[in-house]
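> First, the structure itself, so that you have it in front of you.
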Amino acid sequence: MNIRLSAAAVAVAAAFPFANTAFAADEVTGETVIVTATRQPTRSDELLADTTVVTRNEIERAGHSTLSQILSATPGVFVTDGGLPGKDAAVFVRGTNRGHVLLFIDGMPVTSATLGQAPFELIPASDIERIEILRGPASALYGSEAIGGVVQVFTRRGQGPVRPQVALRYGSHNTRDAQANISGGGEQLSFALSASKFKTDGINSTRGPLSNFDDDGYERESMSGSLQWRLAPGHELGVTLLKSDDENHTDGDLNFDNRTKNDILSWSVYSRNRLSDFWTSTLRVGESANLSDSHRVGAIDTFDTRTRLIAWQNDLRTTWGDWIVGLEEQRQNVDTSGELVVDSRTFRSGFAGWTGSFGANRLQANIRRDDVEHIGAENTWSLGYGYQFSDSIRGFASMGTAFKAPSFNDLYFPTTCFPIFGCFGGNPDLKPESSRNREIGLAWEEAGQEAKIVYFLNRIKDLIVFENTPENVGKAKIAGVTASYAGRLDRWHWNLAVDVLDPRDEDTDNILRRRARERLVAGLDYTAGQWTVGGQWSAVGARYEDSANTQRMGGYGLVDLFAQYRIDRDWTLDAQIKNAGDKDYALALGFQNTVFATAGRTAFIGVRYAPR
């Protein structure tokens, strides 16, 4: 058996010797290269995983303002923010819980250690260059939370001559959005710096007994930056930074304007060194923070969490395939206005992986051990196999395990009593949630067209279920199919994605709350001269608000439209109409059937200056 290293992987490594989970290699010689699925740059047509890439151009055309809004249009992902910037967003990947997807920004994990979920709604679209979405369990690569998948955001990078970019946008509900970016780079030094300010008067965010019938606005100031210094061939130092300061107004008290201030911070410093022809070492140090102050009648509640990371990854390229071996340490610290018995913990992890090919066969194997302070050790693994039937058709299958450590609130929230609702508190005896997933898929790529279908079956046990105290009593079985098709022909470009899910509570056989069993997203655009026009139709099936399946929310369909006009080489006008049919629909219900509002028809127009 002659196991060989893929020639494409060697070419990518030579062209992008520093590509890793710090940043993605963009398209090379017409091929899309993805990092997140293996922790190494790999051509998309060689992957044994279900992935999607969202580019900067796609983000600009759609006119989204937050990461959660971008994700809502991608296969296998359902989001409940209703198109309202900054409002709480639940992101469900393949029907798993909202805390079962792991978020990275430039290689740094970003999460709330108290809530146990990522703040997707607070990540500004203006600072994003590219997004990679990995669907399926990925704890063997990345550790806790990756039961449903991984979303990795890459901020702006610089290359070529120094270029400034400016974009201004105005729209419904007095929405103002200003963005500026400057970037450039050469053989030794490259940089990028971005800043933005977003503000909207918003709409009344709830309809019901707790609504005070005012508009609930949102504003955000953000900045990001990166610097890469290539000291010598094969040696690079880099710095990345993203900071976002948000203020979100909400309902909750009839005579008081509730609001929450959130600060998101993520930074890292890395050194990547090619120590020999086959060995590259990457050392990374960084921190992410989610700082939140919630203002309500008579009180300010503080929930500040920080994660500090030290990671060492070694990439070994041999005639017997590509290997990764690494160590990580994450330290989580919590500072709240309440009292927690434990306010810090450490994750110590070791991982290894291998990818290789022989003939038309491709293989991938990963193992990882996470030792979680106060909880214990978790071992996870994954195996993948693929077969290239022809130049354009490949099949792949995989299986693997994943886990999610309980959050600080799950474990240590102090017992608190409320009128009517009763008393609630944490449970320090909780175990991690765990899953075992199997999937099989078929992909076809030819002449600018790509189609893929994936079937998966994910069983999750020890799910944390909340009564007065959380308990590990839940079990779920999620089976589903995701099919997608995208193509380009002359001036036309189209995409189609269909998700069919059966997400069930194994104890009751009920559908998991807020999960839609059917979902379709279809997009089409056409370019003629200086004009590009297009739209997207998304249709979502009925869902249930409660686990007993008594509060039904009907299905809905939304149409979004966009147009771009290129004035000249550097200037572009763009416009978007969201929910063009002015559909009234619900994504989530609250106490006493309070409806969390969704946006009706909205329109935006903008101008962009981007020298080429």
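> Looking at Val533, Val559, Val521 in this structure, which one is modelled with pLDDT of 95 or more, touching a Phe, Trp or Tyr at 6+ places or on another chain (Cβ under 9 Å), within 23 Å of His493 (Cα to Cα) and surrounded by 19 or more Cβ atoms within 10 Å (Cβ to Cβ)?
Val521
Every residue, every condition in (1) free of Cβ contacts under 8 Å to residues at least 40 places away in the same chain; (2) buried (at least 16 other Cβ atoms within 10 Å of the Cβ), yes or no:
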site: Leu501; (1), (2): no, yes
site: Val540; (1), (2): no, yes
site: Asn549; (1), (2): yes, yes
site: Gly554; (1), (2): yes, no
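> Can we say Trp279 is surrounded by fewer than 17 Cβ atoms within 10 Å (Cβ to Cβ), out of contact with any Lys or Arg (no Cβ under 7 Å at 6 or more places or on another chain), among the hydrophobic types (A, V, I, L, M, F, W, C) and within 30 Å of Gly160 (Cα to Cα)?
Spelling it out, Trp279 is indeed surrounded by fewer than 17 Cβ atoms within 10 Å (Cβ to Cβ), out of contact with any Lys or Arg (no Cβ under 7 Å at 6 or more places or on another chain), among the hydrophobic types (A, V, I, L, M, F, W, C) and within 30 Å of Gly160 (Cα to Cα).
> Inspect all residues belonging to the range 381-394 and state whether any of them is closer than 22 Å to Leu463 by Cβ and modelled with pLDDT of 95 or more.
Looking through the range 381-394, at least one residue is closer than 22 Å to Leu463 by Cβ and modelled with pLDDT of 95 or more.
> With the structure loaded, tell me whether Asp26 is modelled with pLDDT under 50, under 20 Å from the mean Cα position of the chain (by Cα) and either part of a loop (DSSP other than H, G, I, E, B) or crowded, with 19+ Cβ neighbours inside 10 Å (or both) or whether it fails that test.
yes
> Do you know which of the residues in the range 82-108 that are more than 14 Å from the chain's Cα centre (by Cα) and either modelled with pLDDT under 90 or in a strand (DSSP E or B) (or both) is nearest to Ser407 (Cα to Cα)?
Asp88
> Something else: Is it true that some residue in the range 224-239 is within 25 Å of Thr175 (Cβ to Cβ) and either out of contact with any strand residue (DSSP E or B) (no Cβ under 6 Å at 6 or more places or on another chain) or modelled with pLDDT of 95 or more (or both)?
yes
> Restrict the check to the range 63-74 and report whether at least one residue is at pLDDT below 85 and buried (at least 24 other Cβ atoms within 10 Å of the Cβ).
No, the conditions are met nowhere in the range 63-74.
> A further question on this structure: Quick one: would you say Leu430 is part of a helix (DSSP H, G or I) and within 29 Å of the chain's Cα centre (by Cα)?
no
> List, please: which pairs have Cβ atoms under 8 Å, are six or more places apart or on different chains, and start with a residue in the range 598-609 that is touching a residue at least 24 places away in the same chain (Cβ under 8 Å) and among the charged types (D, E, K, R) and end with one that is surrounded by fewer than 16 Cβ atoms within 10 Å (Cβ to Cβ) and part of a loop (DSSP other than H, G, I, E, B)?
Filtered contacts from the range 598-609: Arg601/Gly581; Arg601/Asp582.
> Of all residues being over 28 Å from Val166 (Cα atoms) and of a type outside the set (Gly, Ala, Ser) in the range 186-212, which is modelled with the highest pLDDT? Just the residue, please.
Among them, the one singled out is Asn204.
> Another question about this same structure. With respect to the numbered conditions (1) out of contact with any Asp or Glu (no Cβ under 9 Å at 6 or more places or on another chain); (2) assigned to a loop (DSSP other than H, G, I, E, B); (3) touching a residue at least 40 places away in the same chain (Cβ under 8 Å), which one is the sole condition not fulfilled by Glu132?
That leaves (2) as the condition not met.
> Tell me, which strands (runs of 3 or more DSSP E) wholly within the range 507-612 include 2 or more residues that are under 28 Å from Ala479 (Cα atoms) and among the charged types (D, E, K, R)?
Qualifying strands (runs of 3 or more DSSP E): 518-528.
> Let me ask another. I'd like the residue in the range 382-409 that is within 25 Å of Thr319 (Cβ to Cβ) and surrounded by fewer than 17 Cβ atoms within 10 Å (Cβ to Cβ) and, out of all such residues, is farthest from the chain's Cα centre (by Cα).
Step by step, filter the range 382-409, then rank; the result is Asp391.
> Suppose we filter Thr38, Thr52 for residues that are in a strand (DSSP E or B) and either of a type in the set (D, E, K, R) or surrounded by 22 or more Cβ atoms within 10 Å (Cβ to Cβ) (or both); which single one remains?
Thr52
> Based on this model, can you work out whether Gly600 counts as among the small types (Gly, Ala, Ser) and modelled with pLDDT of 95 or more?
No; evaluated as a whole, the condition is false for this residue.
> Could you grab me the full set of residues in the range 426-477 that are aromatic (Phe, Trp, Tyr) and surrounded by fewer than 21 Cβ atoms within 10 Å (Cβ to Cβ)?
Answer for the range 426-477, where residues must be aromatic (Phe, Trp, Tyr) and surrounded by fewer than 21 Cβ atoms within 10 Å (Cβ to Cβ): Trp444, Tyr455, Phe466.
> Output the residues belonging to the range 150-179 that are in contact with a Leu (Cβ under 9 Å, 6 or more places away or on another chain) and among the aliphatic types (A, V, I, L, M).
Within the range 150-179, Val150, Val151, Val153, Ala178 qualify.
> Test Ser183 against the stated conditions and say whether it is surrounded by 19 or more Cβ atoms within 10 Å (Cβ to Cβ), small (Gly, Ala, Ser), in contact with an Asp or Glu (Cβ under 8 Å, 6 or more places away or on another chain) and in a strand (DSSP E or B).
no
> I'm checking my understanding of the structure. Among residues of the range 109-134 that are among the acidic types (Asp, Glu) and under 12 Å from the mean Cα position of the chain (by Cα), which one is modelled with the highest pLDDT?
Glu132
> Right, something else. Of everything in the range 92-147 that's surrounded by fewer than 24 Cβ atoms within 10 Å (Cβ to Cβ) and among the charged types (D, E, K, R), which residue is farthest from Pro41 (Cα to Cα)?
Ranking the candidates gives Arg98 first.
The values are calculated or read from the model by the stated rules, or taken from the named source; none is laboratory data. All values reported here derive from a predicted model rather than from experimental measurement. Glycine gets a Cβ as well: all are built from the backbone with ideal geometry, and neighbour counts include every protein chain shown.
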